[in-house]
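Engineer: There's a structure below that I have some questions on.
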Amino acid sequence: MFKQTLTQEESLTKELDLLEQHGLRRTLRTVETGAEPEIVVEGKKLLLLSTNNYLGLATHPRVKAKAIEAVQQFGTGSGGSRLITGNLRLHEELEQTIAAWKGTEAAQLFSCGYLANVGTISALAGKGDLVLSDELNHASMIDGCRLSKAATMVYRHVDMDDLHQKLRDTRGQYRRTLIATDGVFSMDGNIAPLPELVSLAEQYGAWLMVDDAHGTGVLGDTGAGSVEHFGLSGRVHLSVGTLSKACGAESGYVAGSQTVIEYLLNRARSFIFQTALSPGVVAASLEAIHIIRTEPALRHQLLSNARYLREGLKSYGFRLIEGETPIIAVLIGEAKTAVRFSRRLEEAGVYAPAIRPPTVPEGMSRIRCTVMATHTTAQLDFALAQFKQVGQELGVIS
Ligand code: PMP
């Protein structure tokens, strides 16, 4: 029995060794500070160039104060699922705020964006339904498709001709069709072609689901995200996302019609069987959304910083994926080179980890930089100088 266990462990070790050989083994790093422009990682001060805390709200004094206040009043944990004992007025207030922001009738919270996607797709798409999914969608959408019993077809990344063809080919064959896309693609930083997606969804009577994890708080006149950016509020059936990025807190959400939300309340297993979000993060989220909606200068600074870094990297000859968001993908190629690049950057004082397969396709390993609204020009100049130095040293640029 014991020998058997050892053999099984040995097979795991072998697999890990193989990952190591290909530069794909993952390990954790210990960060000793909050997600601020300068962080301390394992004792070393570094410039943080890879956080999703885009607006710096995770450490904003007013956001922190609201979280502390809620903890003082309600404690640290909600103590039960929403449907049993955990439903606070704070949760309802946050749901109403998200719905108003996103321009939908209702919204529902989940513990995180991952669970919002998994719960929503697996509840709404079942046997006899079809999900059409962009090939670069986030893993949580992919896992939602896998968990649902629906047929899934993957269309080429942002390729509207391919999607259109698939809609034509499958017309009338399925009960419900759901088109699923990221609003801003998390590893590439480009924005989905939502006007075309909306029009195809309307033409074929399909639902459109947009995961705007990276657009929320960043794009649109009030920061409501990619749907608002294109002036399409009210024309997307399901807006999914997370408050763990620009909103600096935690919690997934789905915004949509009253009927869809009531259905999810009854059918989304990752909602029904999870403990309600803790009061502190809910209160923090409410304050963060308030700041985003009333202080657009923060968002403008973020986008201006993104342009600055993007243009600087381009001027040195780095190959970037085109985009206009704070996610800047610097293409390196092989996983091992990307890891070396990232290590050298870190030695030079910049923290921007390499992103490798299976998160991105083979040969497309990259340094995924993200800027913050709170980065100073001096910090961005420092990052640019280190990129240039390491890029030349490793032959990525000439
Ligand atoms: N969707 C996308 C596009 C994401 O990038 C992420 C986070 N990596 C998620 C969903 C999951 O969100 P959360 O971290 O709140 O689970």
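The values are calculated or read from the model by the stated rules, or taken from the named source; none is laboratory data. No experiment lies behind these values; they were computed from the predicted model shown. When we count neighbours, we look across all protein chains shown, and the Cβ atoms used for this are built from the backbone with ideal geometry, even at glycine. When the accessible area is computed, the model is the full protein with side chains, heavy atoms only, and any ligands, DNA or RNA have been set aside. Shrake-Rupley method; radii C 1.70, N 1.55, O 1.52, S 1.80 Å.
Engineer: I need the phi-derived Karplus couplings for region 27-42: 6.51 cos²θ - 1.76 cosθ + 1.60, θ = phi - 60°, integer Hz, Gly and Pro marked x.
Structural biologist: 9, 8, 10, 9, 9, 9, 9, x, 7, 9, x, 10, 10, 10, 10, 6
Engineer: How long is the gain from residue 176 to residue 28 if the chain were fully straight, where each residue apart is worth 0.36 nm and the alpha carbon distance is subtracted?
Structural biologist: Working: separation 148, 0.36 × 148 = 53.28 nm, distance 4.12 nm.
Taking residue 176 through residue 28 to full extension adds about 49.2 nm, to one decimal.
Engineer: Here is a further query. Among rounded, prolate and oblate, which fits region 262-377 when a ≥ b ≥ c are the square roots of the eigenvalues of its C-alpha gyration tensor, a/c under 1.5 means rounded, and a/b larger than b/c means prolate? All intermediate terms of the calculation are to be shown ahead of the outcome.
Structural biologist: Working: a/c = 2.43, a/b = 1.47, b/c = 1.65.
The shape class here is oblate.
Engineer: Now, a different point. Order of 300-306, 159-165 by packing, highest average Cβ count within 10 Å first?
Structural biologist: Values: 300-306: 18.6, 159-165: 15.6.
Result, highest mean Cβ count within 10 Å first: 300-306, 159-165.
Engineer: Using a 1.4 Å probe on the protein chains only, how many percent of the accessible area of region 33-136 belongs to carbon and sulfur?
Structural biologist: Numbers: 2340 of 4480 Å².
C and S atoms contribute 52 percent here.
Engineer: Another question, then. How long is region 14-128 along each principal axis, judged by its Cα atoms, biggest number first, in Å?
Structural biologist: Taking the Cα atoms of region 14-128, the three principal extents are 49, 49, 30 Å.
Engineer: Let me cross-check residue 157: its accessible surface, 1.4 Å probe, with only protein heavy atoms counted, in Å² to the nearest 10?
Structural biologist: 40
Engineer: Separation of region 64-143 and region 309-328 by C-alpha centroid, Å?
Structural biologist: When both Cα centres are located, 33 Å separates them.
Engineer: Let me ask you something else. Tell me, what HN-Hα J-couplings in whole Hz come from the Karplus equation 6.51 cos²θ - 1.76 cosθ + 1.60 at θ = phi - 60° for each residue of region 291-302, using x for Gly and Pro?
Structural biologist: 5, 4, 6, 9, 10, x, 4, 5, 5, 4, 5, 4
Engineer: I've got another one for you. Please compute the modelled spin-label separation between residue 322 and residue 146, points set 7 Å along Cα→Cβ, answer in nm with one decimal.
Structural biologist: Roughly 3.3 nm, to one decimal.
Engineer: Now for a separate question. Could you sort 204, 316, 114 by accessible area so the largest value comes first, with the probe set to 1.4 Å? Working shown, then result.
Structural biologist: Working: 204 40, 316 70, 114 95 Å².
Sorted descending by solvent-accessible area, the residues read 114, 316, 204.
Engineer: Each residue of region 232-248 in turn: what ³J(HN,Hα) in whole Hz from Karplus with 6.51, -1.76, 1.60 and θ = phi - 60°, glycine and Pro shown as x?
Structural biologist: Once rounded to whole Hz, the list reads 10, 4, x, 10, 10, 6, 9, 9, 10, x, 9, 9, 8, 10, 4, 7, x.
Engineer: Gain in length, residue 85 to residue 203, computed as 0.36 nm per residue apart minus the alpha-carbon separation, to one decimal in nm?
Structural biologist: On the way: separation 118, 0.36 × 118 = 42.48 nm, distance 4.30 nm.
Gain in length upon complete extension: 38.2 nm.
Engineer: State the Kirkwood hydrodynamic radius of the chain in Å, one decimal place, computed from all pairs of distinct Cα atoms.
Structural biologist: Numbers: mean 1/r = 0.0452 Å⁻¹.
Kirkwood radius, the chain: 22.1 Å.
Engineer: On to the next question. So how many Å³ per residue does the convex hull of the Cα atoms of region 87-173 work out to? Provide the component values of the computation, followed by the final result.
Structural biologist: On the way: hull volume 10.6 nm³, N = 87.
Expressed per residue, the convex hull around the Cα atoms of region 87-173 is 122 Å³.
Engineer: OK, next. Taking the chain as a Gaussian network, Cα atoms linked when under 10 Å apart, which of 385, 354, 246 shows the biggest mean-square fluctuation?
Structural biologist: Ranking 385, 354, 246 by mean-square fluctuation puts 385 first.
Engineer: Using the per-residue mean of other Cβ atoms lying within 10 Å as a proxy for protection, in what order, highest first, do the peptides 288-297, 35-44, 366-375 fall? Please list the in-between numbers first.
Structural biologist: Details: 288-297: 16.7, 35-44: 14.3, 366-375: 24.8.
With the highest mean Cβ count within 10 Å placed first, the list reads 366-375, 288-297, 35-44.
Engineer: Sticking with the crude label model, points 7 Å out along Cα→Cβ, report the distance from residue 297 to residue 168 in nm, one decimal please.
Structural biologist: 5.2
Engineer: Give me the distance between the Cα centres of region 201-227 and region 240-272, rounded to whole Å.
Structural biologist: A separation of 14 Å, based on Cα centres.
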